[in-house]
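Before any comments, here is the structure.
The values are calculated or read from the model by the stated rules, or taken from the named source; none is laboratory data. As the structure is a prediction and not an experimental result, all values here were calculated from the model. Cβ sites come from the backbone with ideal geometry, for glycine too, and all protein chains shown count toward neighbours.
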Amino acid sequence: MTDHLKFTNLADQYDEQVSANLLITNRSSRKALRLLVPQLAKMFIDDILIGRALSGTLYYNSSKDLEGDNNHYLVLEVPKDDKYRVYVFFFKHPPMPYVPSDPPTRPLGNTPMPLPYATLHHFRGEGKWTEFNWGSSVTKITNASRSREIDISLPAVHITGKIHADPHLHHIHPFAVQGIMYHQDYQSLVTTERALYSPDSIVFYTKDGVESDQIAFFVPSAGFTLPNGHDWFTGIEWESQAE
């Protein structure tokens, strides 16, 4: 993209803003995203399991903009200070192909989300807004020195878990990562048996591990990253100490 592309202050263009989390993938065979807005109990999804996790700010005028009509999106990569910002725009109708010298206007329901430090190509897609009524818990995930297991702790709800990752962790150094676990409910969380691991998230499933069986997912907090790797883990053990 050209250097002269400029976006004015988004906070001045929209009435409201809220923190949001974006999970995005841009593989050659698959481009999709999932946007979570926990404070508004909203989620936008385009059929994605894992991807690059980013945190940012969603700007909007009305909560009505985050409903059924605005199902089309455009992802743009904008250079900034030797890094990149990712902008996601939502539309009521399929957006026209983007021309770098002609930044997109703000159609009704356009809700851009600036996100730092990503390296994506531009792409378009279609998804849907849904209610997001999952719970969330502060979570810590650790791997001790010389351990072949990943420990999971949700202290507020007195739940601990253990992923038996041997032999997958032979090349991973010890780590301690804090983040948020999003889950349907506590009872379902402790029934999960498989996990899909990536540096940006860990997605938990029942034994079959298909999209419809997704029970929970962990997203690291800003400043934390899980070690590199992409793999399925089985043999998860959970323990609930809640009274």
Breaking point among (1) over 25 Å from ALA222 (Cα atoms); (2) modelled with pLDDT of 50 or more; (3) out of contact with any Ser or Thr (no Cβ under 9 Å at 6 or more places or on another chain); (4) not aromatic (Phe, Trp, Tyr), for PRO112: (1)
Single unsatisfied condition, THR139 versus (1) modelled with pLDDT under 85; (2) within 21 Å of VAL37 (Cα to Cα); (3) in contact with a Leu (Cβ under 8 Å, 6 or more places away or on another chain): (1)
Residues that are closer than 30 Å to TYR87 by Cβ and either touching a Ser or Thr at 6+ places or on another chain (Cβ under 9 Å) or modelled with pLDDT of 80 or more (or both): does the range 150-167 have at least one? no
Could you please find all residues in the range 6-23 being closer than 21 Å to ASP200 by Cα and modelled with pLDDT under 80? LEU23
Checking LEU58 against (1) touching a Lys or Arg at 6+ places or on another chain (Cβ under 7 Å); (2) modelled with pLDDT of 85 or more, only one condition comes out false. Which one? (1)
